[in-house]
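The values are calculated or read from the model by the stated rules, or taken from the named source; none is laboratory data. Everything numeric here is computed off the predicted structure, so don't read it as measured data. Neighbour counts run over all protein chains shown; Cβ positions are idealised from the backbone, glycine included.
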């Protein structure tokens, strides 16, 4: 399972219907759950959150490493094979603290560009679905 912790409002915005569509398409272990925290509650939650060694934590941040979709698929598969829960953190309006970035197992950049929350959430949902399809040899991803 992939747990997504997101800063910002619970409302998925104009991309909500697309995110829901990707959620319906994914199957274990790529299935996703969302947890939302607004404003200061997001930072407070992450400050107190115990990074569990049975979790593989990915922080989405423009200062991270840019990887391809097949690389993301391989990374997720590797962690699932080690029986780890994958956690993806999408920062709030000001991202995440340096401490959270340092404690993460991987800092992932979609691009050097910065995206609004609703679009970042859609990118994460689509890439999880794409990773699943790459993993199972589906026709969704073209090389």
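Select, from 22, 45, the only residue that is touching a helix residue (DSSP H, G or I) at 6+ places or on another chain (Cβ under 9 Å) and assigned to a helix (DSSP H, G or I). So that I can check it myself, show each step before the final result.
On the way: 45 fails: touching a helix residue (DSSP H, G or I) at 6+ places or on another chain (Cβ under 9 Å).
Selected residue: 22, the only one of 22, 45 that is touching a helix residue (DSSP H, G or I) at 6+ places or on another chain (Cβ under 9 Å) and assigned to a helix (DSSP H, G or I).
Condition (residue is under 11 Å from the mean Cα position of the chain (by Cα), under 30 Å from residue 40 (Cβ atoms), buried (at least 16 other Cβ atoms within 10 Å of the Cβ) and modelled with pLDDT under 95) applied to the range 61-76: is it met by at least one residue? Even if it seems obvious, please write down each step before you answer.
At the first step, the residues of the range 61-76 found to be under 11 Å from the mean Cα position of the chain (by Cα) are 61, 72, 76.
Cutting the leftovers down to under 30 Å from residue 40 (Cβ atoms) gives us 61.
Filter again for buried (at least 16 other Cβ atoms within 10 Å of the Cβ), leaving 61.
From what's left, modelled with pLDDT under 95: 61.
Within the range 61-76 (the criterion being under 11 Å from the mean Cα position of the chain (by Cα), under 30 Å from residue 40 (Cβ atoms), buried (at least 16 other Cβ atoms within 10 Å of the Cβ) and modelled with pLDDT under 95), the answer is yes, since at least one residue qualifies.
So which residues in the range 104-127 are over 24 Å from residue 27 (Cα atoms) and either in contact with a helix residue (DSSP H, G or I) (Cβ under 7 Å, 6 or more places away or on another chain) or part of a loop (DSSP other than H, G, I, E, B) (or both), if there are any at all?
Once the filter is applied, which keeps residues that are over 24 Å from residue 27 (Cα atoms) and either in contact with a helix residue (DSSP H, G or I) (Cβ under 7 Å, 6 or more places away or on another chain) or part of a loop (DSSP other than H, G, I, E, B) (or both), the range 104-127 yields 104, 107, 111, 112, 113, 114, 115, 116.
Could you check the range 20-75 and list, in sequence order, the residues that are more than 22 Å from residue 7 (Cα to Cα) and touching a residue at least 60 places away in the same chain (Cβ under 8 Å)?
25, 26, 27, 69, 70, 73
I need the full set of residues from the range 90-141 which are farther than 25 Å from residue 16 by Cα and either without any contact (Cβ under 8 Å) to a residue 24 or more places away in the chain or exposed (fewer than 15 other Cβ atoms within 10 Å of the Cβ) (or both), in order please.
Correct list: 97, 98, 99, 102, 103, 136, 137.
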